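What follows is one structure encoded as structure tokens, with my remarks underneath.
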């Protein structure tokens, strides 16, 4: 179709047709969006009760397992003369066919005094010459450590790397700063969990290792 050959009336009719098509396309999109939202409402409403129930069952299983192992953990500590400060305990059957680990997820945080350690390390970095290979490495470690996560916590995984640099840097001020940061760390227990595995004979007599991991809400 050559638009130039159309009469004004035909051009107007074509424009009107395009407008109507655009309206229809927009209306279809709006209808599809509304249908999607309705599907989401229905699916969430249908699934939430079962998932809440399942989550509660998981919590009940974890709590019951912890309770069942209390006496065993206490006896183990008494027999081996261990003070129970462990975050987890693993028990494996002697036949090697099953293992259960009961424990707490832990979060590493800082008590606020780490800032003094950071300041000392910054002083050391500033004192290093620009061509000192340690300068860039330490600056990167410190910047990554100081970069807080979504909860505002510093990056504890970088602390071990800072510690490992003490022997390389061999600077008393740096070592003091690292020690301050290390001593500022503390762990808090969050959720409880039960993890483990079981070996079974699968098809054709082939051994299969089944794993499980359950966290309490």
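Bear in mind that the values in this text are calculations on the coordinates, not laboratory data. What you see is a predicted model; the values in this text were computed from it and never measured. Glycine also receives a Cβ, built like all others from the backbone with ideal geometry; neighbour counts cover every protein chain displayed.
Once the Cβ-Cβ distance between residue 119 and residue 163 is put in as r, and R0 is 22 Å, what FRET efficiency do you end up with, to the nearest 0.05?
E(calc), rounded to 0.05, equals 0.80.
Given a Förster distance of 45 Å, report the FRET efficiency between residue 28 and residue 212 from their Cβ-Cβ distance, rounded to the nearest 0.05.
E(calc), rounded to 0.05, equals 0.45.
Please give the calculated 222 nm ellipticity per residue for the chain, where each DSSP H segment of at least 4 residues contributes -39500 (n - 2.57) and the sum is spread over every residue; nearest 500 deg cm²/dmol?
About -19500 deg cm²/dmol.
Please work out the C-alpha center-to-center distance from region 57-113 to region 1-50 and express it in whole Å.
Cα centroid of region 57-113 versus Cα centroid of region 1-50: 59 Å apart.
Once you wrap a convex hull around the alpha carbon atoms of the chain, what is its projected area averaged over all directions, in nm²?
Projected area, direction-averaged: 29.1 nm².
Modelled label-to-label distance, residue 87 and residue 64, 7 Å Cα→beta-carbon offset: nm?
Distance between the two pseudo-spin positions: 2.8 nm.
Alpha carbons only, please: Rg and Dmax for region 88-152, in angstrom.
20.6, 60
Using 1/(1 + (r/R0)^6) with R0 = 41 angstrom and r between the beta carbons of residue 95 and residue 50, what's the FRET efficiency to the nearest 0.05?
Taking R0 as 41 Å, the efficiency between residue 95 and residue 50 is 0.65.
Please list 56-65, 124-133 highest first by mean number of surrounding beta-carbon atoms within 10 Å per residue.
Ranking the peptides 56-65, 124-133 by packing returns 56-65, 124-133.
What spacing in nm lies between the two simple spin-label points modelled at residue 149 and residue 107, each 7 Å away from Cα in the Cβ direction?
0.9 nm
Taking the chain as the reference, fit the longest principal axis to its C-alpha atoms, fit the long axis of helix 172-183 to the helix C-alpha atoms, and give the angle between the two in degrees, 0 to 90, nearest 10.
70 degrees
How many nm separate the modelled label positions at residue 188 and residue 13, each set 7 Å beyond the Cα in the direction of the Cβ?
7.4 nm
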